[in-house]
Amino acid sequence: MATSAIYPGTFDPITMGHVDIARRAAAIFDHVTLGVYDTPAKTLVFSTPERVAMAKRALADVPNLEVQEFNGLLVEFARQVGAKVIVRGLRAVSDFEIETQMALMNRKMAPEVEVVCLVTSLQYSFLSASLIKEIIKLGGPSEGLVPDFVTDALRQKFAAQSEAAPVPRWLTS
Ligand code: ADP
């Protein structure tokens with residue numbers, strides 16, 4: 001029987017750490033749906049269509065992987081796409097604590113869905129989307145940590161944001 005998995009996250013933006021987990025999941029499961037969470041309780045840099053488009057572009061060569069946005073409960077999304085497995089990535093002990101709590105809560109709501117955590121590859125163990133955003137905002141390097149088109153998209157966003165924010169008059173007069 002074919003086993004489908006979902007790999008959910010914010011992906012604001014997708015990093016090579018995410019790409020690595022998604023590719024490894026696609027090598028294990030028959031089908032993987034990368035789920036882009038539409039309304040996380042975080043301040044986002046990219047809109048949902050932008051996050052979906054970047055994830056699609058980064059993983060375009062993986063035939064058994066598709067990208068979809070989702071809203072609401074993760075277990076409902078799993079049921080909706082017929083997935084038996086939720087894939088998550090583990091970096092540090094702090095991830096473990098959060099993932100265990102979420103996995104236990106999800107199991108309570110949907111005992112038929114299993115959570116599988118893949119341990120990060122060493123070269124991405126320190127990488128997070130929020131850290132990359134900070135580095136690029138400050139003009140730092142991001143080679144090998146996000147796809148090049150993501151670096152360009154982030155630079156454009158931050159340039160547009162600084163242009164859009166006028167200097168208040170009380171500062172200049
Ligand atoms: P972030 O924690 O970077 O904001 P998301 O909410 O998009 O990311 O995370 C989606 C999943 O990807 C989570 O399970 C998270 O632990 C995992 N993940 C994020 N970055 C990495 C990485 N560098 N290596 C492995 N897994 C990661």
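The values are calculated or read from the model by the stated rules, or taken from the named source; none is laboratory data. Predicted model, so just to flag it, every value in this text is computed and none were measured. Virtual Cβ from ideal backbone geometry, glycine too; neighbours counted across all protein chains shown. Just so you know, the surface numbers come from the protein's heavy atoms only, side chains and all, with ligands and any DNA or RNA stripped out. Shrake-Rupley method; radii C 1.70, N 1.55, O 1.52, S 1.80 Å.
Before I look further, what does the chain give for accessible area per residue, probe 1.4 Å, in whole square angstrom? All intermediate terms of the calculation are to be shown ahead of the outcome.
Details: 9830 Å² over 173 residues.
About 57 Å² of surface per residue is accessible.
Note on the chain: with a GNM built from Cα contacts shorter than 10 Å, the maximum mean-square fluctuation among Pro63, Pro49, Pro147 falls on Pro63. Per the 1.4 Å probe, what fraction of the accessible area of the stretch 1-148, in percent, lies on carbon and sulfur atoms? Carbon and sulfur atoms account for 58 percent of the accessible area of the stretch 1-148. Remark: the chain carries a charge dipole of roughly 260 debye about the Cα centre, counting +1 on each Lys and Arg Cβ and -1 on each Asp and Glu Cβ. For the chain, lysine pairs with C-alpha atoms less than 26 angstrom apart, excluding pairs fewer than eight positions apart on the same chain, total 12. Within the stretch 1-44, what residues put their amide N at less than 20 Å from the label point 7 Å along the Cα-to-Cβ vector of Gln161? Inside the label zone: 10-16, 37-44. Largest mean-square fluctuation among Leu104, Leu145, Leu90, in a Gaussian network model of the chain whose springs join Cα atoms under 10 Å apart, belongs to Leu104. Pair-distance distribution P(r) for the stretch 4-129, from all Cα-Cα distances in 10 Å bins starting at 0: 13, 46, 37, 3 percent. Quick note on the stretch 36-97: its Rg to Rh ratio, both from C-alpha atoms and Rh being the Kirkwood radius, is 0.98.
Report summary: the helix-based calculation at 222 nm, which adds -39500 (n - 2.57) for every DSSP H run with n ≥ 4 and divides by the residues of the chain, gives -14000 deg cm²/dmol. Structure remark: mean-square fluctuation, Gaussian network model of the chain, C-alpha springs under 10 Å; the largest value among Val93, Val115, Val19 belongs to Val93.
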